[in-house]
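A.B. asks: Submitted below is the structure of interest, expressed as structure tokens.
The values are calculated or read from the model by the stated rules, or taken from the named source; none is laboratory data. Nothing here was measured: the structure is a model prediction, and the numbers come from that model. Note: ideal-geometry Cβ built from the backbone for every residue, glycine included; neighbour counts use all protein chains shown.
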Amino acid sequence: MRIRRLENTDKADWTDFVLRSNNGTVFQLPAFLDYHPAGRFDNHHLAQEGAKGLEVIIPGALTQREDGIWFRSYPGASYGGPVLQDSAGLHFVEKSVDALIEYCRKQGWTGIEITPPPTVYYRRPHNYLEFALIKRGFTYPRRELTAVIDLSRLGEELNLGFRSSALRGVRKAIKSGVRVEENDDFSLFYPVLESNLQQRHGVRPTHTLEELELLRSLLGPQRIKQFVALADGQVLGGMVMFHCNPRTTLAFYISHDQEHQALRPVNLVYMEVIRWAKSMGYHYLDLGTYTLDMDVNYGLCRFKESFSARGVFRNTLAGKV
């Protein structure tokens, strides 16, 4: 198995490979990685090739740490790691991991860090990659839970899948005149998102408003959708969805105006986005994490569980080479 760096001329084949793969997501597409400004990351994207051509794609970047240089896949994305073909079996995945480790060793790097997509993102779910890494001494520096709704469990009557607390909030929002619409103007929701994150966590959104707009222009409007909750012409909350692959859609941003929390706009956003995701044919809706360094935000956990979400591991693996 030969490993080489990917070049700009590979982008068409790279994109096609990810779209046809077993576990590829939007975060492993060159169009997504291109939104990062030059110099933010020291990119080192890799392709593994065999007798039949391209077999694995591994987006990555190099990070300098105290003990040396680490290959990370990918520091600027929610999910990364090797993109595998649907036909890849355990023996193939192990060979691929061995080739990556040997490549990094020859470069003189210290280690590898990978955050692969959870199994719900796989066309054909398996844990071969994690098995191969653990077998070779990798450990979990981070294990978080992300809240996933199995949309196939929800029948036509969505209400039957939700707890009474969730439905009370939906009814309260509707009674208060809140409505939800799909809207492509990020500037409507962004101030609410920015204010909420600053008040509650003292942080800014991962993306600037300009970066969100750039991402949509690079990826296409079908891959980033925004839903906003409105009342009397005012935006009370919203959700920005990333089309990760045909199986799973990810709620990348969820937020509301603290002053109007009592109107339960987020409840109605959840309901309408779940309805939309199901109608679009997604198998799963990922509502994002409710843990940080294994510390559980139980209020957020209960809220997401009330809409039938359950926690799925979002793992980061790391090991020295």
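A.B. asks: Of the residues Leu250, Leu230, Leu287, which is at pLDDT 95 or above, in contact with a Cys (Cβ under 6 Å, 6 or more places away or on another chain), not small (Gly, Ala, Ser) and not assigned by TED's automatic domain parsing to the domain that holds Leu33?
C.D. replies: Details: Leu230 fails: in contact with a Cys (Cβ under 6 Å, 6 or more places away or on another chain); Leu287 fails: in contact with a Cys (Cβ under 6 Å, 6 or more places away or on another chain).
Answer to the check: Leu250.
A.B. asks: A follow-up question, please. Across region 120-155, what is the total count of residues that are within 20 Å of Tyr284 (Cα to Cα), over 18 Å from the mean Cα position of the chain (by Cα) and of a type in the set (A, V, I, L, M, F, W, C)?
C.D. replies: 1
A.B. asks: Restricting region 227-255 to residues that are surrounded by 19 or more Cβ atoms within 10 Å (Cβ to Cβ) and outside any strand (DSSP E or B), which is nearest to the chain's Cα centre (by Cα)?
C.D. replies: Selected residue: Cys244.
A.B. asks: Let me ask another. Do we find that Ser152 is in the same structural domain as Arg275 (by TED's automatic domain parsing), touching a His at 6+ places or on another chain (Cβ under 8 Å) and exposed (fewer than 15 other Cβ atoms within 10 Å of the Cβ) in this structure? Steps first, answer last, please.
C.D. replies: Numbers: in the same structural domain as Arg275 (by TED's automatic domain parsing): yes; touching a His at 6+ places or on another chain (Cβ under 8 Å): yes; exposed (fewer than 15 other Cβ atoms within 10 Å of the Cβ): yes.
When the stated conditions are applied, Ser152 passes them.
A.B. asks: In addition: For the structure I just gave you, tell me whether Lys320 is modelled with pLDDT of 95 or more, outside the structural domain of Leu160 (by TED's automatic domain parsing) and over 16 Å from the mean Cα position of the chain (by Cα).
C.D. replies: On the way: modelled with pLDDT of 95 or more: yes; outside the structural domain of Leu160 (by TED's automatic domain parsing): yes; over 16 Å from the mean Cα position of the chain (by Cα): yes.
Criteria met by Lys320.
A.B. asks: Oh, and also: Can you confirm whether region 22-36 contains a residue that is part of a strand (DSSP E or B), touching a Gly at 6+ places or on another chain (Cβ under 8 Å) and not assigned by TED's automatic domain parsing to the domain that holds His243? Give the steps one after another, and end with the answer.
C.D. replies: Filtering region 22-36 for residues part of a strand (DSSP E or B) gives none.
No - not one qualifying residue is present in region 22-36.
A.B. asks: Within region 50-61, count every residue that is free of Cβ contacts under 8 Å to residues at least 24 places away in the same chain and in contact with a strand residue (DSSP E or B) (Cβ under 8 Å, 6 or more places away or on another chain). Spell out the reasoning first.
C.D. replies: Going through region 50-61, the residues free of Cβ contacts under 8 Å to residues at least 24 places away in the same chain turn out to be 51-53, 60-61.
Narrowing further to those that are in contact with a strand residue (DSSP E or B) (Cβ under 8 Å, 6 or more places away or on another chain): 60-61.
Within region 50-61, residues that are free of Cβ contacts under 8 Å to residues at least 24 places away in the same chain and in contact with a strand residue (DSSP E or B) (Cβ under 8 Å, 6 or more places away or on another chain) number 2.
A.B. asks: For region 170-194, how many residues are small (Gly, Ala, Ser) and either touching a Gly at 6+ places or on another chain (Cβ under 6 Å) or assigned to a loop (DSSP other than H, G, I, E, B) (or both)?
C.D. replies: Going through region 170-194, the residues small (Gly, Ala, Ser) turn out to be 173, 176-177, 187.
Subset that is either touching a Gly at 6+ places or on another chain (Cβ under 6 Å) or assigned to a loop (DSSP other than H, G, I, E, B) (or both): 176-177.
Within region 170-194, residues that are small (Gly, Ala, Ser) and either touching a Gly at 6+ places or on another chain (Cβ under 6 Å) or assigned to a loop (DSSP other than H, G, I, E, B) (or both) number 2.
A.B. asks: Restrict the check to region 208-226 and report whether at least one residue is in a loop (DSSP other than H, G, I, E, B), hydrophobic (A, V, I, L, M, F, W, C) and surrounded by 12 or more Cβ atoms within 10 Å (Cβ to Cβ).
C.D. replies: Scanning region 208-226, I find no residue that is in a loop (DSSP other than H, G, I, E, B), hydrophobic (A, V, I, L, M, F, W, C) and surrounded by 12 or more Cβ atoms within 10 Å (Cβ to Cβ), so the answer is no.
A.B. asks: Another question about this same structure. Looking for whichever is exposed (fewer than 15 other Cβ atoms within 10 Å of the Cβ) and out of contact with any helix residue (DSSP H, G or I) (no Cβ under 8 Å at 6 or more places or on another chain) here; the options are Glu157, Glu144. Which one fits?
C.D. replies: Working: Glu144 fails: exposed (fewer than 15 other Cβ atoms within 10 Å of the Cβ).
Answer to the check: Glu157.
A.B. asks: Could we say that Tyr270 is assigned to a helix (DSSP H, G or I), within 24 Å of Ile149 (Cα to Cα) and under 19 Å from the mean Cα position of the chain (by Cα) here?
C.D. replies: On the way: assigned to a helix (DSSP H, G or I): yes; within 24 Å of Ile149 (Cα to Cα): yes; under 19 Å from the mean Cα position of the chain (by Cα): yes.
The answer is yes for Tyr270.
A.B. asks: Now for a different question. Could you check Gly68 against (1) closer than 17 Å to Phe17 by Cα; (2) surrounded by fewer than 23 Cβ atoms within 10 Å (Cβ to Cβ); (3) in contact with a strand residue (DSSP E or B) (Cβ under 9 Å, 6 or more places away or on another chain) and say which number it fails?
C.D. replies: For Gly68, the failing item is (1).
A.B. asks: Between Asn196, Asn159, which is in contact with a His (Cβ under 9 Å, 6 or more places away or on another chain), at pLDDT below 95 and not assigned by TED's automatic domain parsing to the domain that holds Arg40? Steps first, please.
C.D. replies: Details: Asn159 fails: in contact with a His (Cβ under 9 Å, 6 or more places away or on another chain).
The conditions single out Asn196.
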